[in-house]
Structure formats: C-alpha cells, structure tokens
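Notes follow the structure.
The values are calculated or read from the model by the stated rules, or taken from the named source; none is laboratory data. On a predicted model such as this, the values are computed, not experimentally measured, just so you know. Using ideal geometry, Cβ is built from the backbone for each residue, glycine included, and neighbour counts are taken over all protein chains shown. The protein model used for the area step is the full one, side chains on, heavy atoms only, and it has no ligands, DNA or RNA in it. Shrake-Rupley method; radii C 1.70, N 1.55, O 1.52, S 1.80 Å.
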Amino acid sequence: MCSRFIRATGAVVLALGAAVAAAAGDAYPNKPIRFIVPAAAGGPTEIVTRLLAERMTQSMGVPVIVEAKPGAGGNIGADTVAKAAPDGYTILMGTIGTNAINQTLYKSMPYQPLKDLVAVTQVVSYPLVVVVNPKLPINSVADLIAYAKSHPGELNRASGGSGTSMHMSGELFNEMAGIKMQHIPYKGSLPALTDVMGGQADLAFDSLVIAQPLIKAGKLRAIAVTGPKRSPAEPDVPSVSETLPGYAMTSWIGVFAPAGTPRPVVDRLQQEIAKALADPKVKAQLTSQAADPVASTPDEFARFTTEETEKWAPVVKASGASVS
C-alpha cells in the first residue's frame, strides 16, 4: 500500500514537473531577452550577435537587446550569464575563449563553463587571418618565420585579449614554427588592429570579418589564413598550413544559457537562432565575411564544447601562457 502510494506520488510530481517545463516553453518569451557579448563593441562576436538579435526580435516578438560586457578575456560577461536566473532571458554569445580555453589559461575562474552554462547552439565558425604592418618586409608565412628567427624577441603580435582565439592561434604558431613573438593583449580586435596599422604592434592573428576591409584598403597586409584550407572570402591568401603543415585554427562562437534553464526554453532559442541563420540575407552577410553558419543542436554543441576544451588544454599548457 505504502509503496504504491509513493510510486503514485512520484508519478504526479514528474507529471507536474513536465507540465511546468512545457508551460515555460509555451509562455516563453514574454519580455525582452538580454544577449551578453563578452567582448568589446565592434568585434566579430558583437557583429554576429547584432545580426542575429535583429532577426530574432522580428521572429520572437520581443526585443532582443545586445549588451557588451568585455574584460578578463571574456570572463566578466560569461560570469554574468552563469550567475543569471535560468529562465532564458539572459543568454551568452560565448566564444572559444570563454567556453573552451580560459579554464586552462586562467589560474582562477569565476565560473565553470561546462558546469555553469548549458549549450544552446553553435552559431558560426570562421578562420582567422594573419596580418602585418605593410611597412615590414614580411609577405608570407616563410618570411614571418625567417624574420622572427633573425630578429629574436623583436616581433610583437597584438590580440583582442588573453584567452581569445587570436591569442592562442599565435601561441600555436610559435610552438609549431619554433619562434617566439611577444603577445600584447588588447580590449578587442579594433584597438589591436589599429595599433598594427600604426606600427605600435607588428602583426596580429585576427578575425577576417574585422580585418578584411582594412586589408582591401591597403592598411594591413594579409599573409595567411589559419583554417585548414584557403578561405573563399580571400582565395588568393594561402593558408598557414601550406608552409607549416598540420597548423589549423578555426574559431567559433555559440549561444549558452545559465545551467538549469528549462529544456523547452533552450530548444526554443535553438530553433529561433537556426531560423535566423537560415535566412538568405543573414546567411549571405555571414558567408561574405568568411563566417560559416552552423546551427547545431544543444546536444551536438555540448559535445563540441567538451571536445574543444580537451583539445586546447594541452596547447595552452605547452605554450606556458597563464593569466592570474
């Protein structure tokens, strides 16, 4: 009698829980959604987020507000979302830094990416481009390696911040090429590239999305892309791997929500983002800037972020890079 009562009570509780979760999904959203970008305004993460937010505002019927919270390699913005209410109204446009690299790079983390955030969907992947100040006698990857070896310790490379793909792509290059370029972290891609153009920094590994107009204007010289093959957006620019076999660095950004967010809400977000990425105008804007739309499922993206974390941990450790 007692066991039957317990089983019946358990069934009621499970049914009520399922009903509440379903209701949360059905009622969602009914107020503005805050999209946190853990990077400086004007960078590739913010550009893609604003593109999505505009389309999502139209399809979801509520404002989707983009808020930049840069700092500490993206940890400030990511931690804001990790500690937010798990209701789908504060979400993160995470990066390879905030959700894969930082937990190995930083000695102390305010949040645990795989525990405190739930994966929604990977939005895009994109290669970086290696750009140098046009006044330098560096026109290729071979030139860069030769110059670095003949001028040990003199070259410095700017990046959009510690722990970013721009940072670690250079560390991987150092390791594979057997050279040492000094790393200078900036608060975003734009100030980093501005200093490369001005000669305060020598080169950068940065987003093709941001660098492409500056390359076309002759303010930066592109010597290579970091993907495993040439980019359709810059077909005349070779890949690093053509000179340094085995080198490949593809960056990515994706959406995360606080752990505990109801699955129906996570699914609704994924569906709306996938719908936005399938829009011909959105897709055209992304592909023209060398960004490949992905729109993975939550489960696929969760597996991917775990794999990326495991992939980059030994690279970070081998580089000796560490941030307090």
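Overview of results
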{"read-out": "Antiparallel bridges, percent of DSSP beta bridges restricted to the chain (to nearest 5)", "value": "60 percent"}
{"read-out": "Aspartates and glutamates with Cα under 12 Å of residue 180, excluding same-chain neighbours fewer than 8 positions away", "value": "154, 171"}
{"read-out": "Largest to smallest principal axis extent of the C-alpha atoms in the range 205-293, angstrom", "value": "47, 30, 19"}
{"read-out": "Most mobile of 303, 55, 263 in a GNM of the chain (Cα contacts under 10 Å)", "value": "303"}
{"read-out": "Cβ-derived FRET efficiency at R0 56 Å, residue 27 paired with residue 216, nearest 0.05", "value": "0.75"}
{"read-out": "Extension reserve of the residue 279-residue 114 stretch, reckoned as 0.36 nm per residue once the Cα distance is removed", "value": "56.4 nm"}
{"read-out": "Pairwise label distance in nanometres, residue 311 with residue 143, each label 7 Å out on the Cα-Cβ vector", "value": "3.0 nm"}
{"read-out": "Positive-end residue of 245, 63, 277, charge dipole of the chain with Cβ unit charges", "value": "63"}
{"read-out": "Cα-based shape type of the range 230-282, given that a ≥ b ≥ c are square roots of the gyration tensor eigenvalues and the cut on a/c is 1.5", "value": "oblate"}
{"read-out": "Aspartates and glutamates whose Cα lies under 16 Å from that of residue 107, excluding same-chain neighbours fewer than 8 positions away", "value": "79"}
{"read-out": "Acute angle (nearest 10 degrees) that the helix 165-177 long axis makes with the longest principal axis of the chain, alpha-carbon atoms", "value": "50 degrees"}
{"read-out": "Length-normalised contact order of the chain in % [C-alpha pairs under 8 Å, at least 6 apart]", "value": "26 percent"}
{"read-out": "Over 32 Å (Cα to Cα) - which of 216/281; 83/219; 187/216; 135/311 fall in this group", "value": "83/219; 135/311"}
{"read-out": "Heavy-atom accessible area order for 87, 202, largest first, 1.4 Å probe", "value": "87, 202"}
{"read-out": "Label-point gap, in nm, between residue 176 and residue 299 - each point 7 angstrom along Cα→Cβ", "value": "3.3 nm"}
{"read-out": "Residues of the range 194-310: accessible area per residue with a 1.4 Å probe, Å²", "value": "42 Å²"}
{"read-out": "Length-normalised contact order for the range 230-324 - Cα pairs under 8 Å, 6+ apart - percent", "value": "22 percent"}
{"read-out": "Label point distance in nm, residue 200-residue 248, each placed 7 Å from Cα along Cα→Cβ", "value": "3.6 nm"}
{"read-out": "Cα-based Rg / Dmax (Å) for the range 131-176", "value": "11.0, 29"}
{"read-out": "Between helix 44-60 and the chain: long-axis angle, C-alpha atoms, 0 to 90°, nearest 10", "value": "30 degrees"}
{"read-out": "Residue-averaged [θ]222 nm for the chain, counting only DSSP H segments that reach four residues, each worth -39500 (n - 2.57)", "value": "-14000 deg cm²/dmol"}
{"read-out": "Stretch gain in nm, segment residue 41-residue 150, where the contour uses 0.36 nm per residue and the Cα spacing is subtracted", "value": "35.5 nm"}
{"read-out": "Convex hull of Cα atoms in the chain, direction-averaged projection (nm²)", "value": "18.0 nm²"}
{"read-out": "Net charge, residue 171 excluded, C-beta distance under 13 Å - Lys, Arg +1, Asp, Glu -1", "value": "+2"}
{"read-out": "With Cα atoms, 0 to 90° folded angle of helix 189-198 axis to the chain main axis", "value": "10 degrees"}
